Amino acid sequence: MSGAASLPPAGLPGLDPRYSRLVTVPERGTGAQHTWHVLDNGDALAQLGVEPVGTILCVHGNPTWSYLWRSLLSAATDVVTDAASKHATIGVWRVIAVDQLNMGFSDRTGTTRPLSTRIADLGDLTETLGLAGQVVTFGHDWGGVVSLGWATQHPHLVSGVMALNTAVHQPADASIPALLRLALRPILLKSSTVHTTAFLQSTLALASGLPAPVRAAYLAPYLTADRRQGIGDFVADIPVDQHHESFAALTAVSSGIRDLHVPALFLWGPKDPIFSDRYLVDLLQRMPQADAHRFEGAGHLIAEDVDFAPVALRWLAEAVLTGPPPPVSEPTHEAPALWSNLDKYRDSPKTALVEMAPPGRSAPRHVSWRLLATRVKELAAGLRAHGVQPGDRVSVLVPPGADLTAVLYACLRIGAVVVVADAGLGIGGLSRAVRGAWPDHVIGIDRALVAAKALGWPGQKFSTRRLPAGVARSLGVTASLGELMTAGRTGAPLPQPPSPGDLAAVLFTSGSTGPAKGVAYTHRQLSALSELLATQYDITVGTGLVAGFAPFALLGPALGATSVTPDMDVTSPSTLTAAAVADAAAAVDARIVFASPAALGNVLATADALTVPQRNTLSGVQALLSAGAPLAEPLLARVSQLLPSATIHTPYGMTEGLLLTDITLGGIRDAAKSIPDSGGVCVGVPAASVQIRISALDGAGVASGPPSNQPGVTGEIVAAAPHIKDHYDRLWVTQADSVRDSDDGTRWHRTGDVGHLDSEGRLWVEGRLPHVIVAASGVITPVGPEHRAEQVSGVARAAAVGVGPSGTQQLVLVIELSTRRRRPAMATPRLTADIRAAVGRPVAAVLVVPKLPTDIRHNSKVDRSRLARWATDVLAGGRMRRP
Amino acid sequence: MTMSETPMKVLVTGASGSLGQAVVAGLIAAGHEVRTLQRRSSAVAGAEDFIGTVTDAEDLTTATAGREAVVHLAAKVSMAGALAEFEAVNVGGTAGILAAARAAGVTRFVQVSSPSVAHSGTSIMGAGTLPADPKRARGAYARTKAQGELLALASDTSDFRVVAVRPHLVWGPGDTQLIARIVERARRGRLPLLNSGACLIDTTYRDNAASAIVAALHRADTAHGHAYVVSNGEPRTVAELMDGICRAAGVTPPRWRVPAAVARAAGGAVEALWSMRPGEDEPPMTRFLAEQLSTAHWFDQRRTREALQWSPAVSIDEGLHRLAASYR
């Protein structure tokens, strides 16, 4: 009998047979009886004597079955017995995962079941089961639609909704995804979905490296053609247009969820060729309260690609059981809006910014405040005229200069959210970032627009320069900046400016620690950053500023400064020459120079070519800021010789908090003198509005201590300040991991760096948290042993890494010698002995490499994770390859 | 720590070796009354030597008479040889001494074992003490020692408290096993380093192994029923160890390098030849030795140190100084 419901065969991997049961349900209206196979941990929980807080109702998609949810059933049940998870705080949930009728091991009813029937079927089942109390739906694929449809019809029961890759709406402009289009061709439909397992197999192929037994388990209910009829019916039920019988039902769901004012979570595999990011964006627009996490690298069968169950349970605990955190009280002081100077000086003929090498021109371009204010206003109006709405995301792929400045301030003024990803991510990383942010509009230079076309970046396209009509058409460009300004010259008033709490920008991290993350900032936070920079570095209206470091330089107009972009290839900081800095400084009589650490090396290397007037100009500079990575004192000392009147600052910060502490060259020297063997890099004292605390590491290397400012305690550096990020974009887990709320209501950002404070309140960085070595003798932070090893003669740079399991790791030093070695090797007995003596802690081995691997962006942050993996392999008897 | 222990009447088997002598000396220093059982004199002042073998039931009955504790070191330690010989001593001898000890009313029994009883040939990096596995252990020595350890631990009761101690690669001055072989081969230019010689290996300085065995006897009441890997807890690369030992002995450290896979294959062939023509020396490279020298094996010592309330007193560097002094 292939048509009647049955229990799954025994021995399917990961599926506990005690959860399987059959439920017979009368169909409302017809009275027909249908038997469902469901997975249900209710009895298991009852046996453990635990009353669940509610029910998670899971609905699979096509062509899977309840097997998809097996890990959630196990995780939800194991919470009870797992002492570590403290089920009082996680919450115990009953999980019911159904096999939809005609699917899995449920009845083959002999009738096709369009969407409206399937939603009603699920209602019949939950009524039979007598579901009460709080129910959270959880759907995948078309099961997402069915479960959300059920939720819209049972709002009194629903206290939350969750979904894995799904969609509730087919945007009018989007073609049906190719795979489905293929499956929907009438001749192919039957053969691919029913007569053969082609559709099944291609769906399973969407999960990377599914083990054969798991693949077989997914196929288990669909071994014969008659058992696969439901798969074909399901595909045929996808409403391709409004004439389809399920179109009305789908529309009811997609509009109905707008009224579901309950917590929502979407867990997403971006590598899904069917339900791409556009459907996530659509869902987030319908349910703006929703949380989302995109798992980079995961695909359509996200349930197989990532361990989603703990994430779901954690989210339920935080969002559904605890409820949202109380709103953070509005600050008493509100920094001025970023564009306020453009309003204030809109009639000023004074220079706002200078571009030393503007694109397509041979001479520097000077832009007055009046011109800049006019251009920003025109652009803002033009963008509005072209449909850019407040809250729309605008990906800006324009190099620093006048165009970028005008575009940014225009977007900010109309409340559009600026998405900025650095070309330094490489085209692959950049594309992941842009697609992940899913912009509504893209403003780019030619090269960016070509990439956008080739890589399928979404959104309306605007070009920086006017393109020939044919080129514009082929790249899908709607208008150029010039055309936008023309369109904006209507004199129509601009809309209301955004509120301080509205989202202003999504800035992508450098990607030096995993895939680039989008960091979301509100207007209030960016204004606070601008205000902090002004206070910290005494920047006032008219201060001349050489803008060699983009993130701060873009705040020039907000600061009221006169900023100048030097002649350089901004995507490659090491193209900045000393002469270019001097010429830029001369153009605005600069008092301050911003430079990236990578640029300073080339500035020093090209200093010999400076003319006397150029040297004189540099002598007038009063401050230099080099942000992005710590720099060694000798390098800074040489910079100081080039800029003899300047105070050399190296602020400490990250994309999530661009300025946390500051130290001057003098401060670095004082710190080194007062604490010679500190085991860290001194990054100075907290900036004006910043609080720095330390969360002490426990014996397992976990930052578990409450944030404290006690000196001498090593732990994770946490920071609070008005200009720290609002959240990570569509990365709920990352965001939840990144914050520590203390009892007094302060929200701390976890930097992922480890260090300590000294008795004078200075912060010393000792490395990255994931690089901490947990030996049997205790926790070792890498910077201390590295500094000591670097004192040994002949050693250029050292990296301290851990080999072996945490808790009994061995300390290994990897050395780059001053005289470059051609291939990696073990250190000589003499060098090994010297390094052991210098480090003063047990060192298992010393390895020498030609060059320590550094992350490409900073060329100064040693990639210790990669070195640790390499050393582990070598010291296990592997080949002595290059790291 | 040792001063506070109640003096006991202890039998030490296999006391004529380098480690056995150190154990006997340690026990005497701790105030115990020590009898030894081996085929020749233990040559330790203050010990009562009984000449015999662990394969002779009569010898065992006589030797264990009146004893309160036994430290069982006697074993056939070799890298080549007939399986039957290993079985007779390492399995049969252990079963015999266990039976005799229980019959004599002994309450504490320390089985001196080897980490190779749980070593299947793959790298061990920071693992704890894994169960002995006679099936997967490599070579006749390790397999029979695994059986012996299982026998000993299976005899553990609250009245007959058995602790198994597995010192890893014991070395020290006067050692005829590891050190003498390494030095002799290096002197003849027959000691290759495998691959880069970079795999990390734990070793145990002889006096530390001895103090750990004494500690196991003292802690038997709380530590019994389990095995504990013992080492210096200072993993070093093979190359560095060989270099240090050769320098201490005044011979040239090894230079030439053989890929580990070649050495393992060659080791297998030599081993096969050797077992057909047993001779005066060991084969230059057995498969077991090739594995030992081309894979990492170092251990998590936290549980051992806590359970035995012991830590090594002699560092590797200090041990090498003492070794060098012994060659001068």
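Just wondering, is there one or more residues in the range A:392-413 that are among the polar types (S, T, N, Q), surrounded by 21 or more Cβ atoms within 10 Å (Cβ to Cβ) and within 30 Å of residue A:580 (Cα to Cα)? Taking every residue of the range A:392-413 in turn, at least one turns out to be among the polar types (S, T, N, Q), surrounded by 21 or more Cβ atoms within 10 Å (Cβ to Cβ) and within 30 Å of residue A:580 (Cα to Cα). Please indicate, with yes or no, whether at least one residue in the range A:845-855 is buried (at least 18 other Cβ atoms within 10 Å of the Cβ), over 35 Å from the mean Cα position of the chain (by Cα), in a loop (DSSP other than H, G, I, E, B) and not assigned by TED's automatic domain parsing to the domain that holds residue A:700. Checking the range A:845-855: not a single residue is buried (at least 18 other Cβ atoms within 10 Å of the Cβ), over 35 Å from the mean Cα position of the chain (by Cα), in a loop (DSSP other than H, G, I, E, B) and not assigned by TED's automatic domain parsing to the domain that holds residue A:700.
Where residues in the range A:422-437 are surrounded by 24 or more Cβ atoms within 10 Å (Cβ to Cβ) and touching a Gly at 6+ places or on another chain (Cβ under 8 Å), which of them is nearest to residue A:461 (Cα to Cα)?
A:437
Residues of the range A:19-43 that are at pLDDT 95 or above and outside any strand (DSSP E or B): A:19, A:41, A:42, A:43.
When residues of the range A:828-842 are filtered for being within 13 Å of chain B (Cβ to nearest Cβ) and surrounded by fewer than 22 Cβ atoms within 10 Å (Cβ to Cβ), how many remain?
9
Filtering B:132, B:127 for residues that are within 14 Å of chain A (Cβ to nearest Cβ), modelled with pLDDT of 90 or more and either surrounded by fewer than 24 Cβ atoms within 10 Å (Cβ to Cβ) or in contact with a Ser or Thr (Cβ under 8 Å, 6 or more places away or on another chain) (or both) leaves a single hit, B:127.
For the range A:252-295, a residue qualifies if it is buried (at least 21 other Cβ atoms within 10 Å of the Cβ) and of a type in the set (Lys, Arg), and exactly one does: A:294. Residues in the range B:227-252 that are more than 13 Å from residue A:829 (Cβ to Cβ) and out of contact with any helix residue (DSSP H, G or I) (no Cβ under 7 Å at 6 or more places or on another chain): 3 in all.
Pairs are defined by a Cβ separation below 6 Å, a sequence spacing of at least 6 or placement on different chains, a first member in the range A:420-433 that is over 21 Å from residue A:392 (Cβ atoms) and in the same structural domain as residue A:509 (by TED's automatic domain parsing), and a second member that is surrounded by 18 or more Cβ atoms within 10 Å (Cβ to Cβ) and basic (Lys, Arg); the pairs so defined are A:424/A:857. You will find that of A:812, A:874, the residue that is at pLDDT 95 or above, surrounded by 19 or more Cβ atoms within 10 Å (Cβ to Cβ) and within 10 Å of another protein chain (Cβ to nearest Cβ) is A:812 and no other. For the range A:537-546, check the following and say yes or no: at least one residue is in contact with a His (Cβ under 9 Å, 6 or more places away or on another chain) and crowded, with 21+ Cβ neighbours inside 10 Å. Yes, some residue in the range A:537-546 is in contact with a His (Cβ under 9 Å, 6 or more places away or on another chain) and crowded, with 21+ Cβ neighbours inside 10 Å. Please determine whether any residue of the range A:773-783 is touching a Lys or Arg at 6+ places or on another chain (Cβ under 8 Å) and away from chain B (no Cβ under 14 Å). So far as the range A:773-783 goes, yes, one or more of its residues are touching a Lys or Arg at 6+ places or on another chain (Cβ under 8 Å) and away from chain B (no Cβ under 14 Å). The strands (runs of 3 or more DSSP E) falling completely within the range A:739-794 that include 3 or more residues that are touching an Asp or Glu at 6+ places or on another chain (Cβ under 7 Å) map to A:747-757, A:763-768. Screening B:73, B:98 for residues that are under 22 Å from residue B:216 (Cα atoms), more than 15 Å from the chain's Cα centre (by Cα) and hydrophobic (A, V, I, L, M, F, W, C) leaves exactly one candidate, B:98. In the range A:720-727, the condition of being surrounded by fewer than 23 Cβ atoms within 10 Å (Cβ to Cβ), of a type in the set (A, V, I, L, M) and in a strand (DSSP E or B) is met by at least one residue. Condition check for residue A:797 on (1) more than 10 Å from every other protein chain (Cβ to nearest Cβ); (2) surrounded by 21 or more Cβ atoms within 10 Å (Cβ to Cβ); (3) touching a residue at least 60 places away in the same chain (Cβ under 8 Å); (4) in a strand (DSSP E or B): one failure, at (2). Got a number for residues in the range B:202-223 being over 19 Å from the mean Cα position of the chain (by Cα) and in a loop (DSSP other than H, G, I, E, B)? Residues meeting the conditions: 1. Scanning the range A:136-175 for residues that are over 20 Å from residue A:238 (Cα atoms) and surrounded by fewer than 24 Cβ atoms within 10 Å (Cβ to Cβ) returns A:153, A:154, A:155, A:156, A:157, A:158, A:159, A:160.
Within the range B:204-229, the residues that satisfy the criterion of being surrounded by fewer than 24 Cβ atoms within 10 Å (Cβ to Cβ) and either within 14 Å of another protein chain (Cβ to nearest Cβ) or acidic (Asp, Glu) (or both) are B:207, B:221.
Tell me which residues, restricted to the range A:800-809, are part of a loop (DSSP other than H, G, I, E, B) and either more than 9 Å from chain B (Cβ to nearest Cβ) or surrounded by fewer than 20 Cβ atoms within 10 Å (Cβ to Cβ) (or both).
A:805, A:806, A:807
Of the listed requirements (1) under 32 Å from the mean Cα position of the chain (by Cα); (2) free of Cβ contacts under 8 Å to residues at least 12 places away in the same chain; (3) assigned to a loop (DSSP other than H, G, I, E, B), residue A:62 misses just one: (2).
Inclusion of residue A:78 among residues that are without any contact (Cβ under 8 Å) to a residue 60 or more places away in the chain, in the same structural domain as residue A:250 (by TED's automatic domain parsing) and either in a loop (DSSP other than H, G, I, E, B) or surrounded by fewer than 24 Cβ atoms within 10 Å (Cβ to Cβ) (or both) is warranted. Selection of the range A:421-467 for residues being among the charged types (D, E, K, R) and assigned to a strand (DSSP E or B) yields only A:461.
So that you can scan it fast, the table gives a plain yes or no per residue for (1) closer than 22 Å to residue B:171 by Cβ; (2) in contact (Cβ under 8 Å) with a residue 12 or more places away in the chain; (3) not hydroxyl-bearing (Ser, Thr, Tyr):
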{"residue": "B:96", "(1), (2), (3)": "no, yes, yes"}
{"residue": "B:110", "(1), (2), (3)": "yes, yes, yes"}
{"residue": "B:122", "(1), (2), (3)": "no, yes, no"}
{"residue": "B:138", "(1), (2), (3)": "yes, yes, yes"}
{"residue": "B:153", "(1), (2), (3)": "no, yes, yes"}
{"residue": "B:157", "(1), (2), (3)": "no, no, no"}
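Taking the range A:276-293 as the range and being closer than 20 Å to residue A:315 by Cβ and in a loop (DSSP other than H, G, I, E, B) as the test, the residues that pass are A:287, A:288, A:289, A:290. Scanning the range B:230-245 for residues that are assigned to a strand (DSSP E or B) and within 12 Å of chain A (Cβ to nearest Cβ) turns up B:236, B:237. Filter the range A:626-682 down to the residues that are assigned to a strand (DSSP E or B) and in contact with a helix residue (DSSP H, G or I) (Cβ under 7 Å, 6 or more places away or on another chain) and list them by number. Passing the criteria: A:626, A:648, A:658, A:659, A:662, A:681, A:682.
The values are calculated or read from the model by the stated rules, or taken from the named source; none is laboratory data. Remember, it's a predicted structure, so these values are computed and weren't measured experimentally. Positions of Cβ are generated from backbone atoms using ideal geometry, with glycine treated the same way; all protein chains shown enter the neighbour counts.
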